[in-house]
1. Of the residues Tyr49, Tyr56, Tyr86, which single one is without any contact (Cβ under 8 Å) to a residue 40 or more places away in the chain and over 29 Å from Asn241 (Cα atoms)?
2. Has region 177-190 got any residue that is within 24 Å of Tyr56 (Cβ to Cβ) and in contact (Cβ under 8 Å) with a residue 12 or more places away in the chain?
3. Go through region 206-249 and give me each residue that's hydrophobic (A, V, I, L, M, F, W, C) and surrounded by fewer than 19 Cβ atoms within 10 Å (Cβ to Cβ).
4. Step by step: first the residues of region 261-283, then only those that are over 25 Å from Lys11 (Cα atoms) and touching a helix residue (DSSP H, G or I) at 6+ places or on another chain (Cβ under 6 Å), then the one that is modelled with the lowest pLDDT. Which residue is that?
5. Go through region 29-61 and count every residue that is over 24 Å from Cys10 (Cα atoms) and either of a type in the set (Gly, Ala, Ser) or in contact with a Phe, Trp or Tyr (Cβ under 9 Å, 6 or more places away or on another chain) (or both).
6. Across region 222-260, which residue is farthest from Tyr341 (Cα to Cα) among those that are in contact with a helix residue (DSSP H, G or I) (Cβ under 7 Å, 6 or more places away or on another chain) and free of Cβ contacts under 8 Å to residues at least 60 places away in the same chain?
7. Considering only region 36-54, state which residues are assigned to a helix (DSSP H, G or I) and closer than 22 Å to Lys193 by Cβ.
8. Taking the stated definitions as given, is Tyr131 in the same structural domain as Tyr49 (by TED's automatic domain parsing), of a type outside the set (D, E, K, R), at pLDDT 90 or above and outside any helix (DSSP H, G or I)?
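The values are calculated or read from the model by the stated rules, or taken from the named source; none is laboratory data. Fair warning: this is a prediction, and the values are worked out from it, not measured in the lab. Positions of Cβ are generated from backbone atoms using ideal geometry, with glycine treated the same way; all protein chains shown enter the neighbour counts.
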Amino acid sequence: MENNISKTSCKALAIVSGKGGSGKTMVTATMATILDSIGYKVLLIDADYGTAGLTYYMGLNTVANISMGLTNLSSQDIDTHYISKYAQKMSGFDKSRFIGIGDHRRYLRNSNNDDLTFLFENIISQSRKEYDFILIDCRGGIDRESLIVCENIDDIVIVAETDTTSFQATQHLVDTLYDNDLSRKISGFMINKVFDDPSSIARAGTASFKSQYLDSIPFDLDATKSFLVGDLPSINGMFSNQIWHVLNKLEPELKRKPRSRALAFNDYRGLSMRDNESLLGGMMISFSTLGLGSILIYDSFSSVQYDQKLVQYSLFSLVVLSVFSGIEPARKGVGRILTIYKQMITRVFSGKSN
């Protein structure tokens, strides 16, 4: 598959946040999933030496061995051979690879700033020869490891949340980046876990974080459930679609555009507090119930009588739909069928337009 971005233009991104728990790890992993799915070769790196959240997440179902990683590389003369040795294959990925933290104890015993600077300088410079994108998940907050990573990458992407604590922590993060002459690398910020109109936060963030607003990511129950059990969010889900729009803003020349439109500010009002497929299925059942009810009402008051079998079938269907409307799996099943049908129609017409 042909790349639009050459090896010499490999883009290295650091994903940062003002505090832990922002969903940054899931965002980074989803970015890698999307880029790999559209044909790019991605090196995904966990640089969170404090908690190694991405390493443990990927270790559940995606990579085979989380005991090796950066701490092994730090003691070697780094070249493409050693990077290939410790960059692991990921289940469900085509050409992309993952480097975790490795042995925390070795890092705590032997690390210093010079070692870390040498490590990331060389990993990133050598990996540019092999990969289209390098995605580095940094620790929540700002520490020496995160600053060293940010000094050696191309762009810094900020993940913020909607609450006041996160907003203030993100301001501190941005101030620290400015104090270390890294502000020029800030490409923008996204707002994660959104369940209401984020327009005011987007406007305030643009001024306070002194960078462009990339997009808002909904609090998606399906994506969160996947994360909790160590699975990667579905690339067809609402969460992944918004991440795809973020990537498209960061790299407008991506070979493939997002499959669905970006959510508008008004779309977030109460949207992600419920399952999207269940909501769609519930609406379809409601419309069907309304149609059948209209038939029965018309039959009762109209001089033109319907065939009695049709009336009986309508009455039976109305009872069944009424029962289904109160069953979550039934609503979700109908919604999933409609979602698949919509995606098929979209692909057919987008293929014709191309």
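1. Details: Tyr49 fails: without any contact (Cβ under 8 Å) to a residue 40 or more places away in the chain; Tyr56 fails: over 29 Å from Asn241 (Cα atoms).
From the options Tyr49, Tyr56, Tyr86, the qualifying one is Tyr86.
2. Restricting attention to region 177-190, the residues satisfying the condition of being within 24 Å of Tyr56 (Cβ to Cβ) are 190.
If we keep only those that are in contact (Cβ under 8 Å) with a residue 12 or more places away in the chain as well, we get 190.
Yes, some residue in region 177-190 is within 24 Å of Tyr56 (Cβ to Cβ) and in contact (Cβ under 8 Å) with a residue 12 or more places away in the chain.
3. First, pick out the residues of region 206-249 that are hydrophobic (A, V, I, L, M, F, W, C): 207, 209, 214, 217, 219, 221, 223, 227-229, 232, 235, 238-239, 243-244, 246-247.
Of everything in region 206-249, those that are hydrophobic (A, V, I, L, M, F, W, C) and surrounded by fewer than 19 Cβ atoms within 10 Å (Cβ to Cβ) turn out to be Ala207, Leu221, Leu228, Val229, Ile235.
4. Residue satisfying both the conditions and the ranking: Asp275.
5. Start the filter on region 29-61 by keeping residues that are over 24 Å from Cys10 (Cα atoms), which leaves 49-53, 56-57, 59-61.
So of that shortlist, the ones also either of a type in the set (Gly, Ala, Ser) or in contact with a Phe, Trp or Tyr (Cβ under 9 Å, 6 or more places away or on another chain) (or both) come out as 49-50, 52-53, 57, 59.
Result for region 29-61: 6.
6. Lys257
7. Pass one, region 36-54, residues assigned to a helix (DSSP H, G or I): 36-37, 53-54.
Gly53, Leu54 - these are the residues of region 36-54 that are assigned to a helix (DSSP H, G or I) and closer than 22 Å to Lys193 by Cβ.
8. Details: in the same structural domain as Tyr49 (by TED's automatic domain parsing): yes; of a type outside the set (D, E, K, R): yes; at pLDDT 90 or above: yes; outside any helix (DSSP H, G or I): yes.
For Tyr131, the condition - in the same structural domain as Tyr49 (by TED's automatic domain parsing), of a type outside the set (D, E, K, R), at pLDDT 90 or above and outside any helix (DSSP H, G or I) - is met.
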